[in-house]
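No value in this document is a laboratory result; all are computed from the given coordinates. Not measured: the values here are computed from a predicted model. Note that each Cβ is placed from the backbone with ideal geometry, even for glycine, and that neighbours are counted across all protein chains shown.
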Amino acid sequence: MVTLITGATSGIGEQLAIKYAQMGDTVIACGRNTEKLAELSKHKNIESCKFDATSLKDIKEATIGYPHFDRVILNAGNCEYIDDAKNFDSALFERVINANLLSVGFCLEALLPKVKSGGQLVIVSSSVTYLPLPRSEAYGASKAGVSYLAKSLAVDLTDIDVTLVHPGFVKTPLTEKNDFPMPMAVTAEEAADYMIKGINKRRKEVHFPYRFTLILKALRILPLPLWLKIAKGLTR
């Protein structure tokens, strides 16, 4: 199996690359950090591929030598928060949309034609899409777009299985900057284990940790005005 993983230089992506390589896959670990890619390349079965996921030209040029993939995992992304909604930061909004949503579109154009018939496309979104949360205007909007995109692809792609991933809080270098509690947070290694189990079973949706994501799913049945009242309380 040839598995390509974006965002493989840290966090969940790094753990996925190592674990799939240990399982015998040929892993194409993708990212921008040259030093981290070199470290990953020391592992058996891992090849590094350096590109910026927000550049279609960069992705196409970096992957031109790969004729096909059995599995593509689009995991790269970033997180920034809108701290003052009234004074909306459109530059921050643009950065997050580019990193989390437009990058997926670029990867799809460059990589999807190379996914073999019967292969698998995995797109990593976030459980933030289940409910509107404080300060999440940019991150939540980008991930909501990712989730809808993945669900639409699952309808239209007839020869490729699509798996959508909705993680809860995961302890990674990206979330270290969070200045709020992260209930039921799991490690990047635990997150990778959850994902691999679901991906290998070709589930349409993988969400974890289950206790946390099921609570969020249950809260979605609340009337919006009631949830907004609760969410406003969280900001206080």
Extending each Cα 7 Å along its Cβ direction at Phe88 and Arg211, get the distance between those two points in nm, one decimal.
3.8 nm
What do you get for the angle between helix 137-156 and the principal long axis of the chain? Use alpha-carbon atoms, 0 to 90 degrees, nearest ten.
50 degrees
FRET efficiency (Ser152, Met23; Cβ distance; R0 41 Å; to 0.05) is 0.85
What angle, in degrees between 0 and 90 and rounded to the nearest 10, separates the Cα long axis of helix 210-219 from the longest principal axis of the Cα atoms of the chain?
50 degrees
Taking the 0 to 90 degree range and rounding to the nearest ten, how far is the long axis of helix 224-235 tilted relative to the main principal axis of the chain, both from C-alpha atoms?
90 degrees
Need the list of aspartates and glutamates near Lys42 for cross-linking: C-alpha distance under 14 angstrom, and skip anything on the same chain fewer than eight residues off.
Glu14
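Less than 10 Å Cβ to Cβ from Ala192, Lys/Arg counted +1 and Asp/Glu -1: what total charge do the surrounding residues give? Intermediate results must be reported in sequence, preceding the final value.
Working: positive: Lys19, Lys197; negative: Glu14, Glu189, Glu190, Asp193.
Here the count lands on -2.
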Size of the dipole of the chain about the Cα centre, Lys and Arg at +1 and Asp and Glu at -1 on the beta carbon, nothing else charged, in debye to 20?
700 debye
Projected onto the charge dipole of the chain (+1 at Lys/Arg Cβ, -1 at Asp/Glu Cβ, origin at the Cα centre), which of Ala185, Phe88, Cys107 gives the Cα projection farthest towards the positive end?
Ala185
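Stretch Glu109-Tyr66 to full length: gain in nm at 0.36 nm per residue minus the Cα-Cα span? List each step's numbers first, then the result.
Numbers: separation 43, 0.36 × 43 = 15.48 nm, distance 1.46 nm.
Additional length available on full extension: 14.0 nm.
By the gyration tensor of its Cα atoms, with a ≥ b ≥ c the square roots of the eigenvalues, what is the shape of segment 131-173: rounded for a/c under 1.5, prolate for a/b over b/c, or oblate?
Oblate, since a/c reaches 1.5 and b/c is not below a/b.
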